[in-house]
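Peer 1: Mind having a look at this structure? Questions to follow.
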Amino acid sequence: MVAGDVAYVEQVQLRDFRCFASLDLSLAPGVTVIVGANGAGKTSLLEAVGWIARARSFRGVTDSALVARGSEQAILRADVVHGERRQLLEAEIRATGRNRVLLNRHPIVRTRDLYGLLRVTMFAPDDLQLVKGGPAERREYLDDLLGMLAPRYDAARSDFDRVLRQRNALLKGGLRDPDDDSTLVVFDEQLVRAGAEIVRGRLRLLARLHPLIVEMYEEVSGSSAPLDGTYQAEWAEAPLHEGDADAVDNLLRQALVARRKQELDRGITLVGPHRDDWRIVLNDLDARAQASQGEQRTLALALRLAGHELITDLSGAAPVLLLDDVFSELDAPRASALIRRLPGGQTLVTTASAIPEGVEPQRFLRVAGGTVEAE
Amino acid sequence: MALYEGPVQNLIDELGRLPGVGPKSAQRIAFYLLKAAPEDAKRLAQSIVDAKDRVSWCRRCFNIAEGELCAFCKDERRDATLLCIVEEPRDIVAIERTAEFRGRYHVLQGAISPIEGVGPDQLRVKELLHRISGEGVEEIILATNPNIEGEATAMYLARLLKPAGIRVTRIASGLPVGGDLEYADEVTLGRAFEGRREVDA
């Protein structure tokens, strides 16, 4: 792939951002390994790059956690290069109150306006929860990928959440009013519209993702293992597949009728994508409950890498890849194999330990005491 | 916890009940008023009293009105066979600016929202049904907001009115005219694609 196709971060300036009082850092395309002791700020660097893409931390913390103690705001400036185009992002991240974000010196009104600037794939040790955690973690993984592929899925998601809250309020009230029944019918139809779009998207996504996950799992583990996934919806009689995508509207409608009494008794919505699970089966065993810790880690990494590969395939350009502490998951041959076959975008890899033999990054950075030195 | 002397705290509390005014803004406005010239503050108080005394809801369409009927209901030149349904009086102002619509309005005074305890009963729906049978309405244009609550309200009304044999339409959603596609937000542009139509040639 031509480097010009890929967006990458060239300059990052941080002021009062976590442990960095003042940092000016140049980055380059290709693979950069960031070395440093635990707590030196390696993950915070990745967090800053991730913030550029989503205007929030991938660690799931509020923005106030990003502001250095004793300061009112953190400043993040970044130059993003995409072919001939160079864009400047400037963010004042406030401990309290609204952030101010400028793109090419113009204020951004909605966070969504930032999403086209830079795509990022992130892997962190916490991602073990993708495999080990509850269904919500896997739903979020799928829905985040869908949102990166087409913004309308983000809209469908927020529509669905709103419908769910309205519909639950109605069910909780117990339909005392004679009008409530005809109001419920209206929210049923909205639930079907937004819910079916999400389920259809997930089923089509899974069909494309599955072979990539198998490939990545093999790549990372060094051996092949039978890997399967089933999309389980409580409201459908059998697990759903891509071939069911066109029937989802009707399945949801039928389920709403069949479950009406149960929903009223419990006062919550039981039908819809918010309760579905994507169950991963490894070596004929449920990966969530029965796989070993090592297998679960490998699988989590394979999920992130497969998503990265899919976005690269469909958009024609690799997102920036942030791998936090990834070498602790891999032995030396696997680590070097992984780094060699990464799509040719910008990749930042952190490590607290020695760099595995055979891994030959284009650049090294050493983080210590709130500063970063190139080696 | 009251931090100020009685009347000042009362003022802050009352201001804080206004939509969009948080505790800090309420405090700022209160101190602005305390510093302002007495006649300025009295004029504000008087205009609130006047508005509450003289303005009420139009008896027919529930727009704001000075008197029994609002300006649109009084205007005999407006086409009574076309009825446009909106959520709030301010939506009428937006539609009037287009100068495209010459029919009459009906203000629901809200949208269906079970979270806020608003169902069809809390809206001016019964009054709407009454008008339809009495005023020779031929087409209903549903101009509620294009969000979940507005769509739910539109769908509810459509299901209610269609069986009565009345033509029911919904305003379209799409791209702002005169703009560049490049600047349209993705969701609006995506929905505009879904709602594409054949070009007459």
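Peer 1: Need one value for A:166-174: mean number of C-beta atoms belonging to other chains within 10 Å of its residues' C-beta atoms.
Peer 2: 3
Peer 1: Here is a follow-up. Spelling out what I want: for every residue of segment B:156-170, take phi, set θ = phi - 60°, compute 6.51 cos²θ - 1.76 cosθ + 1.60 (Karplus), and round to whole Hz; glycine and proline get x.
Peer 2: Residue by residue, segment B:156-170 yields 4, 5, 4, 5, 6, 8, 3, x, 7, x, 9, 6, 10, 10, 10 Hz.
Peer 1: Could you line up A:L14, A:L23 from fewest to most neighbouring Cβ atoms inside 10 Å? Write down the numbers at each step before the final one.
Peer 2: On the way: A:L14 26, A:L23 19.
Ranking A:L14, A:L23 by Cβ neighbours within 10 Å, fewest first, gives A:L23, A:L14.
Peer 1: Same structure again: If you put +1 on each Lys and Arg Cβ and -1 on each Asp and Glu Cβ, how big is the dipole of segment B:6-54 around its Cα centre, in Debye rounded to 20?
Peer 2: Here segment B:6-54 has a charge dipole of around 140 debye.
Peer 1: Moving on. Would you mind checking the tilt of helix B:38-54 against the longest principal axis of the Cα atoms of chain B, expressed as 0 to 90 degrees and rounded to 10?
Peer 2: So the inclination is approximately 40 degrees.
Peer 1: Pull out a ≥ b ≥ c, the square roots of the eigenvalues of the alpha-carbon gyration tensor of chain B, then state rounded if a/c is under 1.5, prolate if not and a/b is larger than b/c, and oblate in the remaining case.
Peer 2: prolate
Peer 1: With an 8 Å cut-off on Cα pairs and a minimum separation of 6 or more residues, tell me the relative contact order of segment A:225-375 in percent.
Peer 2: This gives 17 percent for segment A:225-375.
Peer 1: Amide H neighbours of A:G30 under 5 Å, at least 5 residues apart or on other chains, H built in the peptide plane: list them.
Peer 2: Amide H to amide H, under 5 Å and 5 or more residues apart or across chains, A:G30 pairs with A:Q346, A:T347.
Peer 1: Determine the dipole magnitude for the protein assembly as shown: charges of +1 sit on the beta-carbon of Lys and Arg, -1 on that of Asp and Glu, nothing else is charged, the reference point is the Cα centre, and the result goes in debye to the nearest 20. Walk me through the intermediate numbers first.
Peer 2: On the way: 74 positive and 87 negative charges, 260 e Å.
Charge dipole, the protein assembly as shown, about its Cα centre: 1240 debye, nearest 20.
Peer 1: Just need the relative contact order of chain B here, percent rounded to a whole number, with Cα pairs under 8 Å and 6+ apart.
Peer 2: 13
Peer 1: Let me ask something else. At what distance in nm do the modelled label points of B:V8 and B:D200 sit from each other, each positioned 7 Å from its Cα along Cα→Cβ?
Peer 2: 6.8
Peer 1: Just want the answer: with Cβ charges of +1 for Lys and Arg and -1 for Asp and Glu, which residue in B:I12, B:A36, B:V49 is farthest toward the dipole's positive end in segment B:1-72?
Peer 2: B:I12
Peer 1: Relative to the Cα centre, what is the charge dipole magnitude of segment A:276-331, using +1 at the beta carbon of each Lys and Arg, -1 at the beta carbon of each Asp and Glu, and rounding to the nearest 20 debye? Don't jump to the answer; show the numbers that get you there.
Peer 2: On the way: 4 positive and 11 negative charges, 13 e Å.
Computed charge dipole of segment A:276-331: roughly 60 debye.
Peer 1: Right, something else. Given the options A:S224, A:G307, A:A258, identify the residue whose Cα lies farthest towards the positive end of the charge dipole of segment A:149-316 (+1 on Cβ of Lys, Arg; -1 on Cβ of Asp, Glu).
Peer 2: A:A258
Peer 1: For the protein assembly as shown, what is the mean residue ellipticity at 222 nm derived from helices alone (per DSSP H run of n ≥ 4: -39500 (n - 2.57); sum divided by total residues; nearest 500 deg cm²/dmol)?
Peer 2: On the way: 18 runs with 239 residues, N = 576.
For the protein assembly as shown, the value works out to -13000 deg cm²/dmol.
Peer 1: Could you state the angle between the C-alpha long axis of helix A:42-54 and the longest principal axis of the C-alpha atoms of chain A, as a value from 0 to 90 degrees rounded to the nearest 10?
Peer 2: 50
Peer 1: Report, in whole Å, the centroid distance computed from the Cα atoms of segment B:9-34 and segment A:239-277.
Peer 2: 47
Peer 1: Which three extents, in angstrom, do the Cα atoms of segment A:1-158 have along their principal axes, listed largest first?
Peer 2: Extents along the principal axes, in whole Å: 40, 37, 35.
Peer 1: How big, in percent, is the set of alpha carbon pairs in segment A:253-309 lying more than 18 Å apart?
Peer 2: I get 55 percent for the Cα pairs in segment A:253-309 exceeding 18 Å.
Peer 1: Still on this structure, I have one more. Taking the Cβ of A:D265 as the center, what net charge do the other residues with Cβ under 13 Å away carry, scoring Lys and Arg +1 and Asp and Glu -1?
Peer 2: In short, +4.
Peer 1: B:W57 to A:V185: FRET efficiency via 1/(1 + (r/R0)^6), r the Cβ-Cβ distance, R0 41 Å, to the nearest 0.05?
Peer 2: The pair B:W57/A:V185 has a calculated efficiency of 0.90.
Peer 1: When each pair of different Cα atoms in the protein assembly as shown is counted once in the 1/r mean, what is the Kirkwood radius in angstroms, to one decimal?
Peer 2: 28.0
Peer 1: Where in segment A:324-341 is the amide nitrogen less than 14 Å from a point lying 7 Å along the Cα-to-Cβ axis of A:E360?
Peer 2: A:336-337, A:339-341
Peer 1: Out of B:I85, B:H106, B:L129, whose Cα points farthest toward the positive end of the dipole of segment B:75-198 (charges: +1 Lys, Arg; -1 Asp, Glu; placed on Cβ)?
Peer 2: Going by the Cα projections, it comes out as B:L129.
Peer 1: Another one. Can you give the average number of partner chain beta-carbon atoms within 10 Å of each beta-carbon in peptide A:148-158, as a whole number? Kindly include the intermediate steps, with their values, before the conclusion.
Peer 2: On the way: counts 0, 0, 2, 5, 7, 1, 2, 6, 1, 0, 2.
Mean partner-chain Cβ count within 10 Å for A:148-158: 2.
Peer 1: Under 16 Å from the 7 Å Cα→Cβ point of A:H82, by amide nitrogen: which residues of segment A:26-55?
Peer 2: From segment A:26-55, the list is A:50-55.
Peer 1: Could you work out, residue by residue across A:183-196, how many beta carbons of other chains sit within 10 Å of that residue's beta carbon, and then give the average as an integer?
Peer 2: 3
Peer 1: Would you please give the FRET efficiency between B:E139 and A:V257, computed as 1/(1 + (r/R0)^6) with r the Cβ-Cβ distance and R0 = 25 Å, to the nearest 0.05?
Peer 2: 0.15
Peer 1: Which ³J(HN,Hα) values in Hz, rounded to whole numbers, follow from the phi angles of segment A:134-142 under the Karplus curve 6.51 cos²θ - 1.76 cosθ + 1.60, where θ = phi - 60° and Gly and Pro get x?
Peer 2: Calculated HN-Hα couplings, in order: x, x, 4, 5, 6, 4, 5, 4, 5 Hz.
Peer 1: Given H placed on each backbone N at 1.01 Å, which residues far from A:V67 in sequence or on other chains put an amide H within less than 5 Å of it?
Peer 2: A:R18
Peer 1: Here's a follow-up. What list of ³J(HN,Hα) couplings, whole Hz, do you get for segment A:237-254 from phi and the Karplus terms 6.51, -1.76, 1.60, once you set θ to phi - 60° and write x for glycine and proline?
Peer 2: 6, 10, x, 9, 10, 3, x, 8, 3, 6, 8, 4, 3, 5, 4, 5, 4, 4
Peer 1: With a cut-off of 8 Å between alpha carbons and a minimum separation of six or more residues, what is the relative contact order of chain A in percent? It would help to have the intermediate numbers written out before the result.
Peer 2: Numbers: 688 pairs, mean separation 95.9, N = 375.
Once normalised by length, the contact order is 26 percent.
Since every read-out is calculated from the coordinates, none of them should be taken as a lab result. Because the structure is predicted, anything quoted here is derived from the model rather than measured. Ideal geometry is used to build each Cβ from the backbone, glycine not excepted, and the neighbour counts take in all protein chains shown.
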